[in-house]
Amino acid sequence: MQSDPALIVALDLPPPEVMALVARLEPARCALKVGMGLFMRGGPELVEQLVRSGYRVFLDLKLHDIPSVNAESCRVAAALGVWMVDVHAAAGAAALALARDTLEQYTPRPLLVAVTVLTSTAPAPGAVLEDEVHNLAVQAQQQGADGVVCSAREAAQLRCALGRDFCLVTPGIRPDPGVRDDQRRTATPRQAITAGADYLVIGRPIVRAAEPLAVLDRIEDEIRQARAGDTA
Ligand code: C5P
């Protein structure tokens, strides 16, 4: 059972607001996720600044290109000192394998996670979507990915199929299940941890809250309780 902070805060805000928020967080409490919007505005300098401040940074650019182009982006990300990068599993086996080989050249090596099906995609009738997530995750594992990005709703099945050491990163987390925004396959922090998620990606419920630190406190409590329940 993992015991380091499970929370990854998605910094989907303009750079000045990001820096104000980050100044109130601590690297021991959470990792930080930089998505495409923030990366386009803040650039590599902002990523380096977060890394220098001691944060584990997930550079979430959801790479989905030909293998050589994906690999070049992985190289740049690794040189920035990020902790985690992602490539779309649907980019294919060769793209995943080359991304892994490329990252292998860096110490510490950033974790490579493969995006399966976006959590904004609604659940489909039957098990079509679960099967798709499963197949993409199996391929990702075979090509050397450290884990996948999936919804917490698929986490239990993937944990069972792919083993304890495969990392499950779950966005679409909603402490208040009534507020989904544009997410569709959502889960509460408790549900995600209980299902076997390693890392919970949470953006708007924290970064758009009037009191982000109070929300963070509550989520940490919920994660602690869920983990305690798991090991009891
Ligand atoms: O605000 P919210 O908690 O919905 O943010 C979720 C974050 O996780 C966003 O930054 C989004 O880009 C990211 N993400 C996702 N679904 C994926 C992969 C990443 O929502 N499959």
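The values are calculated or read from the model by the stated rules, or taken from the named source; none is laboratory data. These figures come from a predicted structure and were not determined experimentally. Note that we place each Cβ from the backbone using ideal geometry, even for glycine, and neighbour counts take in every protein chain shown. Heads up: the accessible areas ignore ligands, DNA and RNA and are worked out on the full protein's heavy atoms, side chains in. Shrake-Rupley method; radii C 1.70, N 1.55, O 1.52, S 1.80 Å.
Odds and ends about this structure:
- Among the residues of region 100-119, those identified as modelled with pLDDT of 95 or more and either away from the ligand (no atom under 16 Å from the Cβ) or of a type outside the set (A, V, I, L, M, F, W, C) (or both) are 100, 101, 102, 103, 104, 105, 106, 107, 108, 109, 110, 116.
- Counted residues, region 135-168 - those being surrounded by fewer than 21 Cβ atoms within 10 Å (Cβ to Cβ) and of a type in the set (Val, Ile, Thr): 1
- If you go through region 186-200 and keep only what is of a type outside the set (Asp, Glu) and under 15 Å from the mean Cα position of the chain (by Cα), you end up with 186, 187, 189, 192, 193, 196, 197, 199, 200.
- Exclusive hit being modelled with pLDDT of 95 or more and under 18 Å from the mean Cα position of the chain (by Cα), set 89, 97: 89
- Contact map, region 16-34: first residue of a type in the set (Lys, Arg), second residue modelled with pLDDT under 95 and not in a helix (DSSP H, G or I), Cβ cut-off under 9 Å, separation 6 or more or different chains; pairs are 29/5.
- Selection over region 104-141 of residues that are in a helix (DSSP H, G or I) and closer than 25 Å to residue 82 by Cβ gives a count of 6.
- Qualifying positions in region 178-202 - among the hydrophobic types (A, V, I, L, M, F, W, C) and either surrounded by fewer than 18 Cβ atoms within 10 Å (Cβ to Cβ) or away from the ligand (no atom under 11 Å from the Cβ) (or both): 179, 187, 192, 193, 195, 197
- Which listed residue is open to solvent by 20 Å² or more (accessible area, probe 1.4 Å), touching a strand residue (DSSP E or B) at 6+ places or on another chain (Cβ under 7 Å) and within 11 Å of the ligand (Cβ to nearest atom), from 171, 205, 175: 171
- Residue match in region 158-170 (condition: among the charged types (D, E, K, R), touching a helix residue (DSSP H, G or I) at 6+ places or on another chain (Cβ under 9 Å) and at pLDDT 95 or above): yes
- Considering residues of region 148-167 that are more than 12 Å from the ligand (Cβ to nearest atom) and among the aliphatic types (A, V, I, L, M) only, the residue farthest from residue 7 (Cα to Cα): 161
- Applying the criterion of at least 1 residues that are among the polar types (S, T, N, Q) and without any contact (Cβ under 8 Å) to a residue 60 or more places away in the chain to the helices (runs of 4 or more DSSP H) found wholly in region 172-232 leaves 189-195, 212-231.
- Residue within region 97-117 that is in contact with a His (Cβ under 6 Å, 6 or more places away or on another chain) and either of a type outside the set (Phe, Trp, Tyr) or open to solvent by 30 Å² or more (accessible area, probe 1.4 Å) (or both) present: yes
- Residue, surrounded by the most Cβ atoms within 10 Å (Cβ to Cβ), within region 7-19, restricted to residues that are within 24 Å of residue 189 (Cβ to Cβ) and not acidic (Asp, Glu): 11
- When residues in region 120-139 are screened for being under 14 Å from residue 96 (Cα atoms) and within 13 Å of the ligand (Cβ to nearest atom), 2 of them pass.
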